[in-house]
Amino acid sequence: MRFSLFVHMERWDEEVGHRQLFENLSELALMAEDGGFGTVWIGEHHAMEYTISPSPIPLLAHLAAKTSTIRLGAGTIVAPFWNPLRVAGECALLDVISNGRMEVGLARGAHQFEFDRMAGGLSAREGGKHLRELVPAVRALWQGDYAHDGEIWQFPTSTSVPKPVQQPTPPMWIAARDPDSHDFAVAQGCNVMVTPLMKGDEEVVDLKRKFETAVANHPEVPRPDLMVLRHTHVHSPDEPDAWRPAAEAINRYYRTFDAWFGNKTTPVNGFLEPSPESKFEDRPEFDPESLHRTAVIGTPAEVIERLRSYEELGIDEYSFWIDNSLSHEEKRASLELFIKEVVPAFQ
């Protein structure tokens, strides 16, 4: 099982400037490369200070110039906000810049807040049809001349300029949860990325089952890879109670996600307060003690034991999701410990 880093610039107040956050992200990505991680993933979000990435492409292009081996993942491009020609061309350009290290993840999108601003108020529930139309169009554009006459996009004969270094195409990933999404991804020859969010490892088992069902339904397709993305924090055995601030930070992250996802409050200069603790009195999965069990939080030995179960389950890539509302120094210390103590157990 290989490792990747999933990272954004996080801004929780105005004390830390965007330039510092950019430098912090770069430092974590360089640490991941030096530590043997296979890929660094950066997603796409708009007008939200707590997860800053209006486009992953320029950030990854910067990292391409700073690194030499780590692969560079756009994880994920939100299909309804892009034209297929733009996805194909910009991703291919990143592949050229990085000399064949680009990977692209694609998703239907989730935040209605973003759809209201980026897609003319289209319902986020409609994003799936954009994803299903986008994926084959991008692959065709990478191959050569292609005209598209779809339900959503129409364009005359065109091609991706430039072409990607990786042939026939760079790796493509799809964020999937329901069985239909898994089936579509596998049928298209795409790898699958999943996140159990605040659920326990029974959810990982269930997502793996959906993936295996899709694989069995498409024996004509070479078996794709499966990635699990999970909030991760490693602390020293000398600090047995260090799990609590990490779990509380992840609780804050999810309550903030809830506030943005609810789309009921107008943000102020890109900030929204987390939804109040009282809202989740009947949602035990938000409780720090529960998050200690579900997120991957623990000493190196505890994290190794947990990840061994993922490896035995047949997970191909584990993505260390470092976004969690902790300080950069705390994130760096956690990643250092993971690299020093956890990664060698899987090499």
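The values are calculated or read from the model by the stated rules, or taken from the named source; none is laboratory data. Just so it is clear, the structure is predicted and the values come from calculations on it, not from any experiment. Note that we place each Cβ from the backbone using ideal geometry, even for glycine, and neighbour counts take in every protein chain shown.
Some notes on this structure:
- Residues in the stretch 91-149 that are among the β-branched types (Val, Ile, Thr) and under 28 Å from Phe257 (Cα atoms): Val104, Val135.
- Summed over the stretch 121-156, residues that are assigned to a helix (DSSP H, G or I) and more than 21 Å from His45 (Cβ to Cβ) total 10.
- Verdict on Leu291 being hydrophobic (A, V, I, L, M, F, W, C), at pLDDT 95 or above and surrounded by fewer than 17 Cβ atoms within 10 Å (Cβ to Cβ): no
- Residues of the stretch 252-281 satisfying the condition of being part of a loop (DSSP other than H, G, I, E, B) and among the acidic types (Asp, Glu): Glu273, Glu281
- Residue in the stretch 319-338 that is nearest to the chain's Cα centre (by Cα), counting only those that are farther than 19 Å from Val228 by Cβ and part of a helix (DSSP H, G or I): Lys331
- Residues in the stretch 98-119 that are closer than 14 Å to Thr39 by Cβ and either touching a strand residue (DSSP E or B) at 6+ places or on another chain (Cβ under 7 Å) or among the charged types (D, E, K, R) (or both) were compared, and the one that is surrounded by the most Cβ atoms within 10 Å (Cβ to Cβ) is Val104.
- Scanning the stretch 190-204 for residues that are assigned to a loop (DSSP other than H, G, I, E, B) and surrounded by fewer than 19 Cβ atoms within 10 Å (Cβ to Cβ) yields Leu197, Lys199, Gly200.
- Hits in the stretch 205-253 (condition: β-branched (Val, Ile, Thr), crowded, with 22+ Cβ neighbours inside 10 Å and closer than 16 Å to Ile174 by Cα): Val228
- In the stretch 302-318, the residues that are assigned to a helix (DSSP H, G or I) and either under 30 Å from Arg223 (Cα atoms) or touching a residue at least 24 places away in the same chain (Cβ under 8 Å) (or both): Val303, Ile304, Glu305, Arg306, Leu307, Arg308, Ser309, Tyr310, Glu311, Glu312, Leu313
- When restricted to residues that are free of Cβ contacts under 8 Å to residues at least 12 places away in the same chain and of a type in the set (Lys, Arg), the stretch 103-134 contains 1.
- Selection status of Glu151, surrounded by fewer than 23 Cβ atoms within 10 Å (Cβ to Cβ) and either in contact with an Asp or Glu (Cβ under 7 Å, 6 or more places away or on another chain) or at positive phi (or both): yes
- A residue that is in contact with a His (Cβ under 6 Å, 6 or more places away or on another chain) and either closer than 21 Å to Asp183 by Cα or modelled with pLDDT under 95 (or both) occurs somewhere in the stretch 131-152.
- Across the stretch 256-272, a minimum of one residue is classified as modelled with pLDDT of 95 or more, out of contact with any strand residue (DSSP E or B) (no Cβ under 6 Å at 6 or more places or on another chain), surrounded by 15 or more Cβ atoms within 10 Å (Cβ to Cβ) and acidic (Asp, Glu).
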